[in-house]
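Structure first, then comments.
The values are calculated or read from the model by the stated rules, or taken from the named source; none is laboratory data. No experiment lies behind these values; they were computed from the predicted model shown. Don't worry about glycine lacking a Cβ; one is built from the backbone with ideal geometry, like all the others, and counts go over all protein chains shown.
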């Protein structure tokens, strides 16, 4: 199991990122993912910068982004990310019905992806983008 860098034990560099995480997320705690990544402060800083940019509101609304994150996490079998991003999606309004439908789509996509890969199905010309 990963060792975690608690706030009280963090270097100044890590503490600065932790403070930004808390301010950006309007929370008073740092979750275990960041505490584990903090063993390599450059990765912590880079990843947090990416998260702030990619997960910020944009062409996709925040709930949609969280649901996509859940879908990818289910496919990658990341228990931590499934749990944390399901909680985040629920906080942004995801209903039980949306969660169940999301999982059904993930299951279907994984099944059809495996079949398309196994059969080595050629892509239809109509689907190719210019």
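Looking at the range 23-41 only, could you name the residues that are free of Cβ contacts under 8 Å to residues at least 24 places away in the same chain, in contact with a helix residue (DSSP H, G or I) (Cβ under 9 Å, 6 or more places away or on another chain) and more than 16 Å from residue 2 (Cβ to Cβ)?
Step one: filter the range 23-41 for residues free of Cβ contacts under 8 Å to residues at least 24 places away in the same chain, giving 23, 25-30, 34, 37, 40.
With the extra rule that they be in contact with a helix residue (DSSP H, G or I) (Cβ under 9 Å, 6 or more places away or on another chain), the set shrinks to 27-30, 34, 37.
Result: 27, 28, 29.
Out of all the residues in the range 47-57, which are surrounded by 13 or more Cβ atoms within 10 Å (Cβ to Cβ) and farther than 17 Å from residue 6 by Cα? Break it down into steps so the answer makes sense when it comes.
Taking the range 47-57 first, the residues surrounded by 13 or more Cβ atoms within 10 Å (Cβ to Cβ) are 47-48, 51-52, 55.
Scanning the range 47-57 gives 47, 51, 52, 55.
Of the helices (runs of 4 or more DSSP H) contained entirely in the range 1-101, those carrying at least 3 residues that are farther than 29 Å from residue 113 by Cα fall at 12-25, 32-37, 41-55.
Exactly one residue out of 44, 102 is within 28 Å of residue 5 (Cα to Cα), surrounded by 15 or more Cβ atoms within 10 Å (Cβ to Cβ) and modelled with pLDDT of 95 or more: that is 44.
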